[in-house]
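Below you'll find the structure, written out as structure tokens, and then a few comments.
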Amino acid sequence: MPGKLKVKIVAGRHLPVMDRASDLTDAFVEVKFGNTTFKTDVYLKSLNPQWNSEWFKFEVDDEDLQDEPLQITVLDHDTYSANDAIGKVYIDIDPLLYSEAATVISGWFPIYDTIHGIRGEINVVVKVDLFNDLNRFRQSSCGVKFFCTTSIPKCYRAVIIHGFVEELVVNEDPEYQWIDRIRTPRASNEARQRLISLMSGELQRKIGLKVLEMRGNAVVGYLQCFDLEGESGLVVRAIGTACTLDKLSSPAALLPACNSPSKEMKEIPFNEDPNPNTHSSGPSTPLKNQTYSFSPSKSYSRQSSSSDTDLSLTPKTGMGSGSAGKEGGPFKALLRQQTQSALEQREFPFFTLTAFPPGFLVHVGGVVSARSVKLLDRIHNPDEPETRDAWWAEIRQEIKSHAKALGCHAVVGYSESTSICEEVCILSASGTAAVLNPRFLQDGTVEGCLEQRLEENLPAGCGFCHIPYDELNMPFPAHLTYCYNCRKQKVPDVLFTTIDLPIDATVIGKGCLIQARLCRLKKKAQAEANATAISNLLPFMEYEVHTQLMNKLKLKGMNALFGLRIQITVGENMLMGLASATGVYLAALPTPGGIQIAGKTPNDGSYEQHISHMQKKINDTIAKNKELYEINPPDTSEEIIGSPIPEPRQRSRLLRSQSESSDEVTELDLSHGKKDAFVLEIDDTDAMEDVHSLLTDVPPPSGFYSCNTEIMPGINNWTSEIQMFTSVRVIRLSSLNLTNQALNKNFNDLCENLLKSLYFKLRSMIPCCLCHVNFTVSLPEDELIQVTVTAVAITFDKNQALQTTKTHVEKSLQRASTDNEELLQFPLELCSDSLSSHPFPPAKAVTVEKASPMGEGNFRNRATPPCASSTVGVVKMTPLSFIPGAKITKYLGIINMFFIRETTSLREEGGVSGFLHAFIAEVFAMVRAHVAALGGNAVVSYIMKQCVFMENPNKNQAQCLINVSGDAVVFVRESELEVVSTQQPTANCQPSCTGGEVTT
Amino acid sequence: MTSELDIFVGNTTLIDEDVYRLWLDGYSVSDAVALRVRSGILEQTGATAAVLQSDTMDHYRTFHMLERLLHAPPKLLHQLIFQIPPSRQALLIERYYAFDEAFVREVLGKKLSKGTKKDLDDISTKTGITLKSCRRQFDNFKRVFKVVEEMRGSLVDNIQQHFLLSDRLARDYAAIVFFANNRFETGKKKLQYLSFGDFAYCAELMIQNWTLGAVDSQVDDMDVDLDKEFLQDLKELKMLVADKDLLDLHKSLVCTALRGKLGVFSEMEANFKNLSRGLVNVAAKLTHNKDVRDLFVDLVEKFVEPCRSDHWPLSDVRLFLNQYSASVHSLDGFRGGSLSVGPPS
């Protein structure tokens, strides 16, 4: 009996008119938790009722506290007929269960109805009294903190990063139950919302239990997704990284050494099994499974492993004989051995993090990915979701083996996704193979001396680029050169990763968003035939997406991709591939060669001319891009860097003498890298199209930058002006003569136009950067393509951006701090502070609003009478893990919300655009209200995980499901640290002034 | 390829002032796009017409959703759906309630009824303001009127509190409400030379001096209705012209005081009786609703026009009227009296 939940219903406002006769409402409230329901009195004839109820008390298990949402229903009392529901509020009370998070939830919540949208607001106060429970075998995991943020949260320090946690729960989808035929859409929507809320609570609790078992106290990079499998059910799954976190303000209290318990962590059957397929035919699963299992590890997975090879390096034969790597050899082996021991105990050495404490990431191998096509069947026993578990386990195994092939023992920046169309489901997983420093994986005590050597040998800023695999025994043909930074170790010529740019990486110039877009038609087919068709198409798509990425990267004059996310979406008659990443020029990697076009018929004069014309165009574009992104040749940058690295000429001489004594190939190798050009063969019209499409990508207008990573490499003087947004577009393809090319063009235009629209809309923020640009593609119907984009626009200070030398100084400063700070505190934390605090002149607090031409100061004073000051507190939302120019002082808990909206009067609500626009605005409003009620003023790591939109214009109907999540936080502006400490409470307290509310 | 759905939703609601103006002015999306193209925005930003179309549609949709809230501005402040910085909220409200001079002159003093609303298309053709914009402005007048009509307290304060308007705009609305309530005739050809500002000035003075609120701010504080008792009292003024002695005395008082100060002294002296008779008659008739409505017409006919035909400069008119009313106080039976001020022009 370890918890008492207390709820008080204070008041309502702006309620809808429920009684046409009086134009008023007789409202009362039902408060439900679990199976207990309380009611308030009926407040007669008011649109702004003041219930001021007593405290409703629920005595509940903490298991229920975690699973169940608090459900508040506002109704209109009707003496003669049934009471009419006005709307509901679901409150996730999870944040109240951590010791350090929120202590009370109090504020105005929008009253939401799945048919009518938001209908007024209700003021609620919720508290939880939690009793300590020392029962070892408990089912709850209260106290485990969850973070959506994919890095160590800003006010914490990671003591140990334990590793991967995953869980999934399944259930029948209420929308597809027989009862749905007789109940109202509202009832069905509410059943769905409630079920998903319950399931995510359960999922979180189960993951929490796993974390406790690992002796962790938090989950970072928590990603929860829904698979709406239609007839076959509803799957809620989540992955995350278990950590032991320590609050930074408290003195570094080291936890007792706990490296052993993870050994007997889990006993999932497929643990060591090399061929998981045999397991899927286990006794509890029906025979069907076996036959439908599309042998992913046989046909397709082989393909994907080869394509994955492509992803990490350009296929290129004839690399220099690589004896030069010797000096690093034995050391590398030692390191590998050690890390291996730390990671081998883990079933899946995966990390959902994308940014790491300095020193954590030793080497990066490249992107690993796996996909598999499955046929969905009805989930027979919701309590035993084995089929789905087995599917994912297979994929994870594959990822693990890919990583091994790259000489890596871990996968970072790991994520999973699905795409479902009818009964076919593509499961995808991807990440970045990496070698990690064991220091953070377990309590490091023994490796002291080794670390010393490690840090001596690995200069920060390039270490992670060095190849983790043995070059004599490479998993694939690749072209290696000596690192351009330290000249000691070998690096690949191109690096693709799914992680954020490491903070200590040396980057030249700025980065940019690079997208590969691709469509492939496929025949409509049923079941197995369909799945086979998709399986056959996938490798080709992946190959083409990769080629496109590579070409575009070269065209930008860059040599590395970060934050790579490849999404393959399946539709009735087509497959869509969309890859987004942020291209950068890493100083450690060789200068990318240009793109050379080769024609097939060298004798044809006009053709030749055309080719040379194209070649010229490409060369011009590369030159232009280099200028645009400020990519200067490395020698000049080396001069700027100055002291820490010897003069270029000196160094090369030094190198040469070295190489003369040991190996002559070295020098050759270096020069070879520069001459290397990427040859594009134009052998048919298709290839011609590809080249054309390469050149049609328009760079953003001047003053705009874009990236899909957390921050833009090369810009670090952000102002505090941010604007998060979601944009959705749906286009209808003309069904006539659809060819792959036409389709590609349509899709390309859709994405390009969408970006252009964004640049135009946000033009008042120039100079600005679109960060964390996240594209999602779905194919809701035959001829419909839906693209959803969420991103944040951040203004930066142009003047300071020009001082590139400064950043270099800061870089070296960082490096120094990384060396000195050691284990005391996270250097990451310190660096980011010094970085961000430095460039801001404290007085320059840029307000979001632009000056109005009416003379704002006077205008505002005159225009706002006293009561107007009690406006709603501002809540910022951002997909980033930080807020520029501000310090996050507290994490209040995870926000994970699921909404359904349906309409039967689509035209009246402004058509599909009006409907969805209003719904997304409402979702934002509900997120903000929940954050404000927790006492927060921002949501970080915000993500719209799902936006499923279905329409039926003939019936005047539409339905949309949205799932969002993020971390509620309290932030304080750096420039007003002292001032705000007094203002904070006022910002949180809800407007109690009702003077201005008389409306009639 | 056709765009089925195209939306942009910001955490902070984006408000484009130029598009807002076009929307308020009642332009359709296609007209607005055409106007924006003409403004040269495409060249400035390098955008395409399609982008502009999508952007305009988006803003129009936002404004359409905001309109419901703008009808009760305090709602806009307390609502949670659109996160808008306070200064932007104020701008939205202020611009929404702003009106065109040409439009307000057409409906000032008219009953804000369905009948008048039907005439809006005529007004639209006459003034060149789109019918949509006319409707918005008319509905604004009517809405403000309905809310404050029966309310106690200062008219300007009430409007400010319920519509969160700037001081300037709230005063204008007070004038509009006051005129609508008393149905002053302002549309006659004779009155065409008067601007809304002129009428608003009169309204303000009348609210200050002629209404119930002016007499006693404690009880039945109503700013919209003229004080009946006061109007009744004005009948007493008839004495000024009916009693020959009093008229002469008044005249001599005024003339003595103004001798040498007035450029049009001789004209004034010659016309005094006419002018005084005109003014007093206008005042004395105000107990009849019909005559209240014609107040401005009568004033212009009986006082302004004679003055104008004699080419009185404005300063002289002012001097004369001040002296005219001040002198009355020194006449027997007129102690503590009242003040009447004609239109300033």
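Miscellaneous remarks
- Calculated over the stretch A:473-540, the projected area of the Cα convex hull averaged across directions stands at 8.3 nm².
- Given charges at beta-carbon only (K, R positive; D, E negative), |dipole| of the stretch B:17-70 in Debye: 80 debye
- Annotation: extensible slack from residue B:244 through residue B:71 equals 56.6 nm (criterion: 0.36 nm per residue apart, minus Cα-Cα distance).
- Percent accessible area from carbon and sulfur atoms, chain B, protein chains only, probe 1.4 Å: 50 percent
- Label point distance in nm, residue A:948-residue A:129, each placed 7 Å from Cα along Cα→Cβ: 4.2 nm
- Counting, for every residue in A:536-542, the Cβ atoms of other protein chains within 10 Å of its Cβ and taking the mean gives 0.
- Dipole magnitude of the stretch A:1-136 about its Cα centre (Cβ charges: Lys, Arg +1; Asp, Glu -1), debye to nearest 20: 400 debye
- Förster radius 35 Å - calculated FRET efficiency between residue B:281 and residue B:113 (Cβ-Cβ, nearest 0.05): 0.70
- Taking other residues whose beta carbon is less than 9 angstrom from the beta carbon of residue B:11, and scoring Lys, Arg as +1 and Asp, Glu as -1, yields +2.
- For chain B, the longest principal axis of the C-alpha atoms and the axis of helix B:244-258 are separated by about 70°.
- Straight-line reach from residue A:45: taking Cα to Cα under 25 Å and skipping same-chain neighbours fewer than 8 places apart, the lysines in range are A:8, A:32, A:88, B:75, B:146.
- The charge dipole of the stretch B:101-215, taken about the Cα centre with unit charges on the Cβ atoms of Lys, Arg (+1) and Asp, Glu (-1), comes to about 460 debye, rounded to the nearest 20.
- Compactness of the stretch A:144-249 - radius of gyration and Dmax, Cα, Å: 17.0, 57
- Computed [θ] at 222 nm, helices only, for chain B once each DSSP H run of length n ≥ 4 contributes -39500 (n - 2.57): -19000 deg cm²/dmol
- Radius 11 Å from Cβ of residue A:775, net charge of other residues (Lys, Arg +1; Asp, Glu -1): +3
- FRET efficiency for residue B:315 and residue B:34, using Cβ-Cβ distance with R0 set to 45 Å, rounded to 0.05: 0.35
- Carbon plus sulfur fraction of accessible area for the stretch A:1-136, probe 1.4 Å, in percent: 44 percent
- Over all projection directions, the Cα-based convex hull of the stretch B:228-329 averages an area of 6.2 nm².
- Summing both sides, the accessible surface hidden between A and B at a 1.4 Å probe radius is close to 5500 Å².
- Estimated distance in nm for a label pair at residue B:168 and residue B:198, the labels positioned 7 Å out from Cα along Cα-to-Cβ: 2.1 nm
- Average partner coverage of B:33-46, which counts Cβ from other chains inside 10 Å: 1
- In plain terms, the chain from residue B:100 to residue B:143 could stretch by 13.8 nm, reckoned as 0.36 nm per residue minus the Cα-Cα distance.
- Pairwise Cα distances in the stretch B:101-215 exceed 25 Å in 18 percent of cases.
- By average C-beta atoms within 10 angstrom, highest first, the peptides A:697-704, A:187-194: A:187-194, A:697-704
- Each peptide in B:182-191, A:195-204, B:13-22 receives the mean, over its residues, of other Cβ atoms within 10 Å, and ordering these scores from highest gives A:195-204, B:13-22, B:182-191.
- Long-range HN-HN contacts of residue A:149 with modeled amide H, under 5 Å: A:221, A:222
The values are calculated or read from the model by the stated rules, or taken from the named source; none is laboratory data. None of the values given here were measured: they were computed from a predicted structure. Neighbour counts are summed over all protein chains in view; Cβ atoms, including those assigned to glycine, are modelled from backbone coordinates with ideal geometry. Surface accessibility is based on the protein's heavy atoms, side chains included, excluding ligands, DNA and RNA. Shrake-Rupley method; radii C 1.70, N 1.55, O 1.52, S 1.80 Å.
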